[in-house]
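As structure tokens, the structure follows; a few thoughts come after it.
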Amino acid sequence: MTANRPDPSGTRLGDLWRILPEEATATADGVLEIGGVAVTELAERFGTPLHVYDEQGLRRQIRRFVDGLQARWPDSEVLFASKSLPAVGMYRIAQEEGLSVDIAGGGELRLALAAGVDPARLHFHGNAKTDAELRMALDAGIDTIIVDNDDELDRLERLLERPQKLLLRVIPGVEAKTHASQATGGANSKFGLPIDQAERAIRRMQAHPLMRFEGVHLHIGSQILDETQFAEAVEKISTVGTFGTYDVGGGLGIAYTYDEVAPSVDDYLDAVVASAKAHLPAGARLMIEPGRSIVGRSGVTLYRTTTVKRTGRTFVAVDGGLADQMDIALTGQRYEAVLADRLLEPWTETVQLVGRQCESGDLLVDGAAMPPARVGDLVAMAATGAYAYTMSNNYNGALKPAIVFVADGVARLVARRETYDDLLATHAPALENALV
Ligand SMILES: Cc1ncc(COP(=O)(O)O)c(C=O)c1O
């Protein structure tokens, strides 16, 4: 370990550096730094809860995907699955680093356009797109619509006024080894059409004068740690037919806990491209859509402890909770957290790190090792860069946290914290005048 990544006995810092952002270090007196800025300074300046991103590590991870796929399969495209971090500042970085963007819905479309993403790099997903959203996407001139079902084709028949590129989402029948709510490629998936119904939908698109059918799409799920499942999905999709484009989705998992191991980007790309070389036509365009594996490790959430209660068990409560870490409730995702301002003190206590929402399930870490906590300590939860901000909500009147990106010792605000006025803005009596 280097001096600024210490690993003293009595702590698990050695394991922690593996799941914290690439540009995470410690000051000499044991304060966590991200991108060269101490988290104490970030918390002071921007408040907590706070989503902090290591911008350099994030950009490096994007380039691993873009350069790695390009080197293995030159006619290729990496799409950022923007649902994992739909922030205007993130869309900008995606575009700057050469990613195209997957959007799912009118909201993500508006955010991407506001960020200045070229519509020719936007791909529109969703199993329940509305007429209004399709119209928005068509008016914006987006590149491709990934058609999910026959009703969507009915809508497009009504709405299309000029040629439009389309892919068809098919269900490959691969049961991903992940939480049930994150598996999307098994026989009973609500997303896409089964392979045996794909041919009819493809014929319909091919027969339509304005529909430019380009190929097929699949996505088997999220937080998948076995790269052979992606290879299997590529093989399955090849059985649909010979087309110009194959988009094989996202889903690569990351390490969330001290003991978890995830495939590297290279491992993943090796598996996908070996299968593509074996099963897809040589001249086809290959696309992938990573989300979690791009932004997950780069992000950390900072909390301030508000209560330390010793009742037989030790409960350390913080100023956020499942309102900003929904994955815990939705998928049972496990995380690690540390006292970020006291890293070097021996981690002698094992605590229940809990949030402030009114659910016993609001348990951020079940058994976190840390020094004996005090009110006002700073807690950092690792690997929260994907889907945390996206799914944050107003449970118990919680305010959506702010996002800051940090690089080379400079922090910049990417999304501000919600205010109580934001919370009230959509409600009567704030709307009283509008309602009468
Ligand atoms: C169609 C599609 N593509 C890509 C992704 C990204 O998945 P991940 O964040 O696991 O890479 C998702 C996420 O659910 C998705 O629905």
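The values are calculated or read from the model by the stated rules, or taken from the named source; none is laboratory data. These figures come from a predicted structure and were not determined experimentally. In this analysis, Cβ positions are derived from the backbone assuming ideal geometry, glycine residues included, and neighbour counts consider all displayed protein chains. What goes into the accessible areas is simple: the full protein's heavy atoms, side chains included, and nothing from ligands, DNA or RNA. Shrake-Rupley method; radii C 1.70, N 1.55, O 1.52, S 1.80 Å.
Please give the FRET efficiency for residue 307 paired with residue 120, using the beta carbon to beta carbon distance and R0 = 56 Å, rounded to the nearest 0.05. That gives a FRET efficiency of 0.65.
Each residue was assigned an accessible area with a 1.4 Å probe, and for residue 374 the value is about 130 Å². For segment 335-400, averaging the sequence separation of C-alpha pairs within contact (under 8 Å, six or more residues apart) and dividing by the residue count gives a relative contact order of 38 percent.
Pick from 106, 409, 320: which residue has the top mean-square fluctuation in a GNM of the chain where Cα pairs under 10 Å get a spring? Of the options given, 409 has the highest mean-square fluctuation. Applying 1/(1 + (r/R0)^6) with R0 = 60 Å to the Cβ-Cβ distance of residue 413 and residue 282, what FRET efficiency is obtained, to the nearest 0.05? Efficiency, rounded to the nearest 0.05: 0.80.
Using alpha-carbon pairs under 8 Å, 6+ residues apart, how would you state the relative contact order of segment 73-292 in percent?
Working: 444 pairs, mean separation 43.8, N = 220.
Reported relative contact order: 20 percent.
Roughly what angle does helix 150-159 make with the longest principal axis of the chain, taking Cα atoms, 0 to 90 degrees, to the nearest 10? Tilt relative to the chain: about 70 degrees. Under a 5 Å amide H cut-off, with hydrogens placed 1.01 Å from N, residue 249 pairs with 218, 289 among residues at least 5 apart or on other chains. For the residue pairs 177/236; 190/277; 190/400; 129/165; 177/400, alpha carbon separations beyond 21 Å are given by 190/277; 190/400; 177/400. Among 24, 187, 337, the residue with the largest mean-square fluctuation in a Gaussian network model of the chain, with springs joining Cα atoms closer than 10 Å, is 187. Estimated at the nearest 10 Å², the accessible area of residue 222 is 20 Å² with a 1.4 Å probe.
Proximity of backbone amide H atoms, modeled 1.01 Å from N, is registered between residue 171 and 193, 195 at under 5 Å, excluding neighbours fewer than 5 places apart on the same chain. Ligands, DNA and RNA left out, the accessible area of the chain computed with a 1.4 Å probe is 50% carbon and sulfur. Among beta bridges from DSSP that stay inside the chain, the antiparallel ones total about 45%. For the pair residue 421 and residue 71, the difference between a 0.36 nm per residue extended length and the Cα-Cα distance amounts to 121.0 nm. Over all directions, the projected convex hull of the C-alpha atoms in the chain averages 22.6 nm² in area.
The phi-based Karplus calculation (6.51 cos²θ - 1.76 cosθ + 1.60; θ = phi - 60°) puts the 3J(HN,Hα) values of segment 168-181 at 10, 7, 10, 8, x, x, 10, 7, 5, 7, 7, 4, 3, 6 Hz, whole numbers, x for Gly and Pro. Each residue of segment 192-198 was assigned a 3J(HN,Hα) from its phi angle through the Karplus curve 6.51 cos²θ - 1.76 cosθ + 1.60 (θ = phi - 60°); the sequence is x, 10, x, 3, 6, 9, 5 Hz, with glycine and proline shown as x. For the set 23, 289, solvent exposure ranked by accessible area (probe 1.4 Å, protein chains only) runs largest to smallest as 23, 289. Of all aspartates and glutamates in the structure, the ones whose alpha carbon falls short of 14 Å from that of residue 83, not counting any fewer than 8 places away in one chain, are 102, 108, 289, 327.
Please find the FRET efficiency linking residue 12 to residue 161, where r is the Cβ-Cβ separation and R0 is fixed at 51 Å, and quote it to the nearest 0.05. List each step's numbers first, then the result.
Working: r = 59 Å, r/R0 = 1.16.
Approximately 0.30, to the nearest 0.05.
Our coupling estimate for segment 239-244, obtained by passing each phi through the Karplus curve with A = 6.51, B = -1.76, C = 1.60 and θ = phi - 60°, is 7, 5, x, 9, 10, x Hz, Gly and Pro reported as x.
Shown are 427, 123, whose ranking by accessible area with a 1.4 Å probe and every protein chain present, most to least, is 427, 123. Would you mind calculating the relative contact order of the chain from Cα pairs under 8 angstrom and at least 6 residues apart, reporting the percent as a whole number? About 20 percent, as a whole number.
Helix content alone sets the calculated 222 nm mean residue ellipticity of the chain: runs of n ≥ 4 DSSP H residues at -39500 (n - 2.57) each, divided across all residues, give -8500 deg cm²/dmol. Average accessible surface for the chain: 40 Å² per residue, computed with a 1.4 Å probe over protein heavy atoms with every protein chain in place. The listed residues 53, 420, once ranked by accessible area (1.4 Å probe) with the largest placed first, stand as 420, 53.
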